[in-house]
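The values are calculated or read from the model by the stated rules, or taken from the named source; none is laboratory data. This structure is a prediction, so every number in the text was calculated from the model and none was measured. Here Cβ is always computed from backbone atoms with ideal geometry, including for glycine, and neighbour counts include all displayed protein chains. The protein model used for the area step is the full one, side chains on, heavy atoms only, and it has no ligands, DNA or RNA in it. Shrake-Rupley method; radii C 1.70, N 1.55, O 1.52, S 1.80 Å.
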Amino acid sequence: MLIVATDSGSPFALDLNTLEMKGLLSFVLKGIARVGGLDLAYSKESADALNTNEILAHARYDKRLNRLIMSKSKFDIPGNDNKGNTIYEFLEFDNTFRLVSSRKYISRFMAMHDWMIT
């Protein structure tokens, strides 16, 4: 499966060989779970985390941990002191697409398009 995303959108799943659009990644994960391809409990949690229009376009792969890391960005208006905030959430998935970590950070109002992990 190939995953494609756009800023402020939901990621989509494509067939790796034909590039045929399979649908929203969250729906594809739920579908795989229904036919017994993934454990339903964690597949639903992963699908729910991705069922949003807050995903940023650029994901990262941590080769050392064998994890896909995706990020969400949400604006909080009016935010603290009426100055606005941005809430970032980083989602880590293992090689079976189990959501293994989710961390949120709040910053002053800003827009982020790309990011890196260290």
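Brief remarks follow.
- In the context of the full protein assembly, Ile117 retains an accessible surface of approximately 70 Å², using a probe radius of 1.4 Å and ignoring ligands and nucleic acids.
- Each helix, a run of at least 4 DSSP H residues, gives -39500 (n - 2.57); summed and divided by the residues of the chain, these come to -5500 deg cm²/dmol at 222 nm.
- Take the Cβ atoms of Ala111 and Met21, set R0 to 22 Å, and the FRET efficiency comes out at 0.20.
- 0 to 90° range, to nearest 10: angle between helix 40-50 axis and the chain longest Cα axis: 40
- Neighbour count of at most 11 Cβ within 10 Å plus DSSP loop: longest trypsin sites (Lys or Arg not before Pro)-free window in the chain: 1-62
- Largest-first ordering by accessible area, 1.4 Å probe, given options His58, His113: His113, His58
- Flagged links, alpha-carbon separation over 21 Å, of Lys30/Lys63; Lys44/Lys72; Lys22/Lys74; Lys22/Lys63; Lys74/Lys104: Lys30/Lys63; Lys22/Lys74; Lys22/Lys63
- Solvent exposure of the chain, expressed per residue, is 63 Å² of accessible area, with all protein chains present and a 1.4 angstrom probe.
- Dipole in debye (nearest 20) - the chain, about Cα centre, beta carbon charges: Lys, Arg +1; Asp, Glu -1: 200
- Expressed as a whole percent, the accessible surface of the chain that belongs to carbon and sulfur atoms is 53, based on a 1.4 Å probe.
- Calculated FRET efficiency for the pair Asp76/Thr118, C-beta based, R₀ 30 Å, to 0.05: 0.70
- The residue list Trp115, Met21, Ala57 was ranked by how far each Cα lies along the charge dipole of the chain toward its positive end, using unit charges on Cβ atoms, and Trp115 comes out on top.
- Between 0 and 90 degrees, the angle of helix 25-34 with respect to the longest Cα principal axis of the chain falls at about 40 degrees.
- Put simply, the chain fits an ellipsoid with semi-axes of 27, 15, 14 Å; these come from the alpha carbon gyration tensor as the roots of five times its eigenvalues, largest first.
- Relative contact order of the chain, pairs being alpha-carbon contacts under 8 Å that are 6 or more residues apart, as %: 20
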